[in-house]
Structures are given as C-alpha cells and as structure tokens.
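Have a look at the structure below, then the notes.
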Amino acid sequence: MLFDISQAVTENLTDKGFPAKERQVSVLRLDKIHPVVSGNKLFKLHYFLLEAQQSQHKTILTFGGAYSNHLAATAHACSLAGLTCIGMVRGEEPASFSHTLRQCRDEGMQLRFLSREEYDRKEDPVFLEALRREYGDCTIVPEGGYHPLGAKGAAGIHQCIHDEYTHICTAMGTATTAAGLLLGASPLQKILVVPVLKGMHDFNERIRYLTGNATPSAGLEWIDGYHFGGYAKKNDELLRFMNQAWKQYQLPLDFVYSAKLFYAVTDLVQQNYFPAGSRILCVHTGGLQGNESLPPNTLTY
Ligand SMILES: *Cc1c(COP(=O)(O)O)cnc(C)c1O
C-alpha cells in the first residue's frame with residue numbers, strides 16, 4: 001500500500017448519540033487516509049499500481065469525467081509511485097478547468113480530452129489497442145477501476161476492519177467496492193449497497209464479472225431508492241442532512257456518495273430494517289474533493 005491505512009479509524013456513532021435503537025452504528029473513515037484522494041479508489045488501484053511498477057513502461061492510463069474522484073486518486077497515487085499517468089477525460093477541453101482537473105494536472109497527469117463519442121468507446125478493445133500503440137505499452141485502468149483486479153484491491157478494505165460486524169454498508173457506483181467487500185466478507189456478514197445512480201439494473205451481472213462467481217451471493221443486499229434523482233443529484237434535504245452530520249458527529253460527507261449512504265442507513269435504522277442487535281459498519285469511501293463543486297457556503301465544513 002502506498003498509503004498509511006492505519007489512518008482509517010473506526011468511529012462509533014452510537015456513542016455520539018446516533019439514534020440507533022439497540023443497533024450499533026459505526027463508520028470506517030477511509031476518507032482519513034488522505035485529505036484529497038478518496039479512500040476506496042486507492043484500494044481499487046492497488047494491483048494496477050503494482051503491475052505498472054513491475055513493468056517496463058511504468059505508465060498508467062485511465063478514464064474519467066471532469067469531477068472524477070477516480071482521476072484525482074489515480075493522479076496522486078501515480079505521482080507518489082513515480083509512474084507516468086495519462087487521463088482520458090470525457091468531453092471537450094473546457095475553457096477553465098474544474099478543481100479536479102487542475103489538481104490532476106498539478107500532480108503531473110497528462111490530460112487528453114475525448115469527445116463523448118470517443119469516450120463511449122472506453123471499453124472497446126480496438127480503441128484500447130490504438131491507445132496502447134500511441135502511448136506505448138501501458139497499464140489501462142477502466143473507468144472507476146471497474147475490473148476484477150479493482151475488486152481484488154477493494155477486498156483490502158477488510159484490513160481496516162478490526163471488529164465483527166453483521167452488516168457492512170457502502171455507496172455504489174460501478175459496484176467494484178461492493179464486490180471487493182463481498183470477496184473479503186465472512187459467511188454470515190451482509191454487504192449492504194446503496195446505488196447512487198438511478199435505474200441500475202445490471203447489478204448481478206456486475207458482481208458476477210467482478211468476483212468471477214457465477215451465482216450472485218446471498219450476502220449482498222441491494223437498497224435502491226436513495227439516489228436523490230441520480231448521479232450527483234442533490235436536494236436541500238440531503239444538504240441539510242450533511243450539515244447535521246457534521247454538527248453532531250463531526251462527520252464530513254460528500255454529496256455524491258457518502259451522504260446518500262448515510263442518509264439511507266439512518267432511514268433504514270429508523271424503519272427497523274436491521275434486526276435488533278445488529279452491528280452496522282458504514283464505509284466512508286472518501287470523495288470529499290467533490291464538495292468543492294458546490295456553491296460556497298452550502299456546507300458548514
Ligand atoms: C467511486 C466512489 C464510490 C463508488 O465506488 P464503486 O466501486 O465504483 O462502486 C463510492 N464512494 C466514493 C467516495 C467514490 O469516489
């Protein structure tokens with residue numbers, strides 16, 4: 001690991017007054033591993049970084065949007081690991097860069113902007129082969145680390161979990177983190193996933209691809225209905241919830257992922273979704289750099 005994962009402490013929110021009703025709710029602070037680079041992304045990158053370090057080319061090429069936590073994490077990790085790093089960005093080059101792209105550039109990532117049509121070919125083997133020819137042999141990381149190696153890396157999150165939990169909860173984008181948590185889970189543990197995108201229906205196919213298991217696991221619970229309208233969508237209720245979590249637990253949440261996860265878990269506890277006696281661990285997957293795209297003073301932290 002390039003990072004000191006001992007920073008990822010677990011906090012017991014029940015002790016801080018979380019209305020948990022005979023359940024224990026804790027949070028694993030992967031966001032504390034690094035102030036800018038979000039926690040789960042580092043785990044997903046782990047095996048790709050190793051592969052690139054052990055190669056001749058020492059280069060990583062990957063894909064993401066202008067606000068992508070994945071691009072930010074890849075840029076930072078490559079700069080620490082001494083790897084060349086190329087970012088394929090969705091959409092035409094903007095007149096002014098987002099804070100995410102500025103940070104990527106400052107970390108030494110070479111940025112190349114792809115039209116939406118080109119970007120849509122990001123998984124097309126012919127297109128990837130052409131990129132490999134152009135940039136020399138390189139390690140290609142799919143968008144968001146969506147690959148069995150990404151899931152294998154995400155299974156490493158279990159190294160930060162030091163207690164017995166009945167439920168481990170995570171926000172879900174590509175499902176790579178969820179698949180990794182599942183790979184490392186004990187047989188009785190449930191992995192509860194909260195999609196932040198609207199209308200995700202290929203969840204089982206994703207888990208099958210990522211874990212290499214033909215049958216979807218009974219250990220997964222998929223909770224839809226907390227996406228707040230879709231990816232990166234938000235409303236005043238969610239923002240109020242974030243400010244409240246900060247006030248009450250000094251827990252900084254990001255509006256794209258972790259806020260929706262915590263909102264869901266809070267709601268599910270109130271609805272007695274979890275059996276009494278459950279020990280629930282919410283994984284704070286980081287992503288706080290994304291809050292920089294909110295208007296100033298939206299958040300109190
Ligand atoms: C990318 C991301 C996720 C989603 O992870 P997947 O492995 O794509 O499901 C969750 N939380 C944060 C903060 C992220 O940046």
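The values are calculated or read from the model by the stated rules, or taken from the named source; none is laboratory data. The shown structure was predicted, so the numbers you read here are calculated from the model rather than taken from an experiment. Please note: Cβ atoms are built from the backbone with ideal geometry, for glycine as well, and neighbour counts cover all protein chains shown. For the accessible areas, the whole protein counts, side chains as well, though only heavy atoms, and no ligand, DNA or RNA atoms are used. Shrake-Rupley method; radii C 1.70, N 1.55, O 1.52, S 1.80 Å.
Worth a mention:
- Candidate set from the range 249-263 (those that are within 20 Å of A8 (Cα to Cα) and more than 13 Å from the ligand (Cβ to nearest atom)); member that is nearest to the chain's Cα centre (by Cα): L251
- Taking the range 156-172 as the range and being part of a helix (DSSP H, G or I) and in contact (Cβ under 8 Å) with a residue 60 or more places away in the chain as the test, the residues that pass are G156, I157, Q159, C160.
- The range 112-133, residues that are over 23 Å from T84 (Cβ atoms) and open to solvent by less than 40 Å² (accessible area, probe 1.4 Å): S115
- T298 being more than 15 Å from the ligand (Cβ to nearest atom) and open to solvent by 50 Å² or more (accessible area, probe 1.4 Å): no
- Flag set for I223, criterion: over 23 Å from S68 (Cα atoms), modelled with pLDDT of 95 or more, more than 16 Å from the chain's Cα centre (by Cα) and buried (at least 17 other Cβ atoms within 10 Å of the Cβ).
- Whenever a residue of the range 216-243 is assigned to a loop (DSSP other than H, G, I, E, B), its partners that are among the small types (G, A, S), lying with C-beta atoms within less than 7 angstrom and at least six residues away or across chains, give the pairs G219/A185; I223/A264; Y226/A264.
- One residue stands out among those in the range 278-294 that are away from the ligand (no atom under 11 Å from the Cβ) and more than 13 Å from H99 (Cβ to Cβ): the one that is most open to solvent (accessible area, probe 1.4 Å), which is R279.
- I140 vs. criteria surrounded by 18 or more Cβ atoms within 10 Å (Cβ to Cβ), within 28 Å of F203 (Cβ to Cβ) and modelled with pLDDT under 95: no
- Residues satisfying the stated conditions in the range 174-200, i.e. more than 9 Å from the ligand (Cβ to nearest atom), under 18 Å from H162 (Cα atoms) and not aliphatic (A, V, I, L, M): G184, S186, P187, Q189, K190
- Taking the range 252-280 as the range and being in a helix (DSSP H, G or I) and either among the hydrophobic types (A, V, I, L, M, F, W, C) or out of contact with any Cys (no Cβ under 9 Å at 6 or more places or on another chain) (or both) as the test, the residues that pass are A259, K260, L261, F262, Y263, A264, V265, T266, D267, L268, V269, Q270.
- Residues considered: Y146, Y135. Of these, the only one that is touching a residue at least 24 places away in the same chain (Cβ under 8 Å), within 16 Å of the ligand (Cβ to nearest atom) and among the aromatic types (F, W, Y) is Y146.
- Verdict on C104 being more than 16 Å from the ligand (Cβ to nearest atom), buried (at least 24 other Cβ atoms within 10 Å of the Cβ) and farther than 26 Å from N204 by Cβ: no
Yes or no, residue by residue, for (1) open to solvent by 10 Å² or more (accessible area, probe 1.4 Å); (2) part of a strand (DSSP E or B); (3) under 29 Å from G87 (Cα atoms):
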residue	(1), (2), (3)
A154	no, no, yes
T174	yes, no, yes
A178	no, no, yes
P187	yes, no, no
V194	no, yes, yes
